Amino acid sequence: MIRRPPRSPLSSSSAASDVYKRQVWGSLGEQEVFECKEAFNLTLPTMKEACDVLTAKLGLAPCEGTQRVAEGASTHNLLLSGVAIEESPVLVRAMMKVNGGVVNVKAIVRSTNEELCAGVAALAKLS
């Protein structure tokens with residue numbers, strides 16, 4: 001089970017939290033980390049719907065305001081984070097592109113737990 005980090009209101013403290021999450025992505029590479037990559041398509045008409053589906057399906061919290069998609073955007077990066085019950089962090093970077101009613105997704109999942117990493121990547125692909 002993955003628990004979401006607590007949501008914070010938009011404030012200077014949430015900006016500090018976003019910087020922390022960005023640093024966690026980089027610092028995970030400095031320790032024993034597992035990384036899984038998946039490419040898949042979502043049959044959805046908009047980038048916003050794709051972000052909503054991935055966020056809900058994975059049960060992770062959006063980072064750095066990446067759940068907000070610019071009107072008419074054809075590309076977008078969604079960053080998600082969470083912590084599993086055994087305290088393993090899990091981070092997801094989903095790079096998306098709309099292509100004629102289909103959203104092409106390339107997802108990278110990082111975690112210090114290999115099974116968690118593979119499981120989240122497989123779940124993302126099932127979206």
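The values are calculated or read from the model by the stated rules, or taken from the named source; none is laboratory data. This is a predicted model, so every value here is computed, not measured. So basically every Cβ, Gly included, is an ideal-geometry build from the backbone, and we count neighbours across all protein chains shown. Calculation scope for accessible area: heavy atoms of the full protein, side chains included, ligands and nucleic acids excluded. Shrake-Rupley method; radii C 1.70, N 1.55, O 1.52, S 1.80 Å.
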(request) Kindly indicate whether any position in the range 101-113 is within 22 Å of D52 (Cβ to Cβ) and not in a strand (DSSP E or B). (result) yes
(message) Looking at the structure I just gave you, is V33 modelled with pLDDT under 90, of a type outside the set (D, E) and open to solvent by 30 Å² or more (accessible area, probe 1.4 Å)?
(response) yes
(request) Evaluate the following for K57: is it open to solvent by 40 Å² or more (accessible area, probe 1.4 Å), modelled with pLDDT of 95 or more and among the charged types (D, E, K, R)? (result) no
(request) Specify which of the listed residues (L116, L126, L78) is buried (at least 17 other Cβ atoms within 10 Å of the Cβ) and out of contact with any helix residue (DSSP H, G or I) (no Cβ under 7 Å at 6 or more places or on another chain). (result) L116
(request) Could you list all residues from the range 73-100 that are assigned to a loop (DSSP other than H, G, I, E, B) and either of a type outside the set (G, A, S) or in contact (Cβ under 8 Å) with a residue 40 or more places away in the chain (or both)? (result) I85, E86, E87, N99
(request) Being within 21 Å of G119 (Cα to Cα) and charged (D, E, K, R) is the filter; apply it to the range 58-107 and report the residue that is farthest from the chain's Cα centre (by Cα). (result) E86
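The rows are residues; the columns are (1) farther than 16 Å from A124 by Cα; (2) open to solvent by 50 Å² or more (accessible area, probe 1.4 Å); (3) modelled with pLDDT of 90 or more.
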position	(1), (2), (3)
Q23	yes, yes, no
T43	no, yes, yes
A50	no, no, yes
V69	yes, no, yes
V102	no, no, yes
A107	no, no, yes
